[in-house]
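The values are calculated or read from the model by the stated rules, or taken from the named source; none is laboratory data. Please read these numbers as outputs of a predicted model, since none were measured by experiment. With ideal geometry, Cβ positions are generated from the backbone for all residues, glycine too; neighbour counts draw on all protein chains shown. Ligands, DNA and RNA are stripped out before the accessible areas are found, and what is left, the full protein with its side chains, is counted by its heavy atoms. Shrake-Rupley method; radii C 1.70, N 1.55, O 1.52, S 1.80 Å.
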Amino acid sequence: NAAEIAHTIDVHCVPAAASDRNCELTLWLDERNLGDHRTWRHDGVAGRTVKVPGVRIDDLLDERVKVDFVKIDTQGSEQQVLEGMQRIVERWRPTIYVEFWPFGIEGRGDDPAALLGYYHSLGFTPTVPSVARIDSDDAILEYVNSVPDGYIDLLLAPA
């Protein structure tokens, strides 16, 4: 029931960027799209940046806090976020809903196909929840290249 669910939700706002290490990060601001700030330089900014703390999620949560579901949309830095929560992923095997944006992944200097391989190495099977019959990494890459905005969401289910 809703009352029981409400008691299990615990939210804390942390003014920081999730990362693979505890550090200071430069956040490049996109003045046109407030949902498109990035930890890598891109042409959509006029040079405005802010320094923000980077934190490992593993270092924020008590290891007894059960994690069932994770949503990550970090403009191409999704692997770094997951690397910073490796203990949580190994311990709780949560379902993960993650943006897959090849332009952003490459903008960070990473490879989209290698990122899919990384998800598999963690023991997850990436699927496109909104589209049936996309059952391989090649099909995911082909599909994301065909969508107008160049990004999709993936569901990472524990294998």
Practice problem: Consider only pairs whose beta carbons are under 9 Å apart and that are at least six residues apart or on different chains; among these, list those whose first residue lies in region 116-144 and is within 14 Å of GLU99 (Cβ to Cβ) and free of Cβ contacts under 8 Å to residues at least 60 places away in the same chain and whose second residue is surrounded by 17 or more Cβ atoms within 10 Å (Cβ to Cβ) and of a type in the set (Phe, Trp, Tyr). | Solution: LEU116/PHE100; PRO126/PHE100; PRO126/TYR119; VAL128/PHE100; ILE140/PHE100; VAL144/PHE100; VAL144/TRP101; VAL144/TYR151
Practice problem: Would you check if ILE96 is touching a Gly at 6+ places or on another chain (Cβ under 6 Å), modelled with pLDDT of 95 or more, buried (at least 19 other Cβ atoms within 10 Å of the Cβ) and aliphatic (A, V, I, L, M)? | Solution: no
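Every residue, every condition in (1) among the small types (Gly, Ala, Ser); (2) out of contact with any Ser or Thr (no Cβ under 9 Å at 6 or more places or on another chain); (3) under 22 Å from SER77 (Cβ atoms); (4) assigned to a helix (DSSP H, G or I), yes or no:
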residue: LEU115; (1), (2), (3), (4): no, yes, yes, yes
residue: VAL131; (1), (2), (3), (4): no, yes, no, no
residue: ILE134; (1), (2), (3), (4): no, no, no, no
residue: LEU141; (1), (2), (3), (4): no, yes, yes, yes
Exercise. Working carefully through the options GLY109, GLY117, GLY104, find the one that is open to solvent by less than 40 Å² (accessible area, probe 1.4 Å) and under 26 Å from CYS23 (Cα atoms).
Key: GLY104
Self-check item: Hits in region 1-13 - residues which are modelled with pLDDT under 70 and assigned to a loop (DSSP other than H, G, I, E, B)
Solution: ASN1, ILE9
Quiz item: Of all helices (runs of 4 or more DSSP H) completely enclosed by region 63-107, which ones contain at least 1 residues that are touching a residue at least 60 places away in the same chain (Cβ under 8 Å)?
Solution: 78-83, 102-107
Quiz prompt | Among (1) more than 17 Å from the chain's Cα centre (by Cα); (2) among the aliphatic types (A, V, I, L, M); (3) more than 20 Å from ARG21 (Cα to Cα) - the single one VAL50 does not satisfy | solution = (3)
Exercise. Name the single residue, out of those in region 57-93 being surrounded by 16 or more Cβ atoms within 10 Å (Cβ to Cβ) and polar (S, T, N, Q), that is nearest to PRO158 (Cα to Cα).
Key: GLN79
Quiz item: Could you list, in sequence order, the residues of region 53-62 that are free of Cβ contacts under 8 Å to residues at least 40 places away in the same chain and either outside any loop (DSSP other than H, G, I, E, B) or in contact with a His (Cβ under 6 Å, 6 or more places away or on another chain) (or both)?
Solution: PRO53, GLY54, ILE57, ASP58, ASP59
Self-check item: Every residue from region 14-43 that is assigned to a loop (DSSP other than H, G, I, E, B), at pLDDT 90 or above and either open to solvent by 100 Å² or more (accessible area, probe 1.4 Å) or of a type in the set (A, V, I, L, M) (or both)
Solution: VAL14, PRO15, ALA16, ARG21
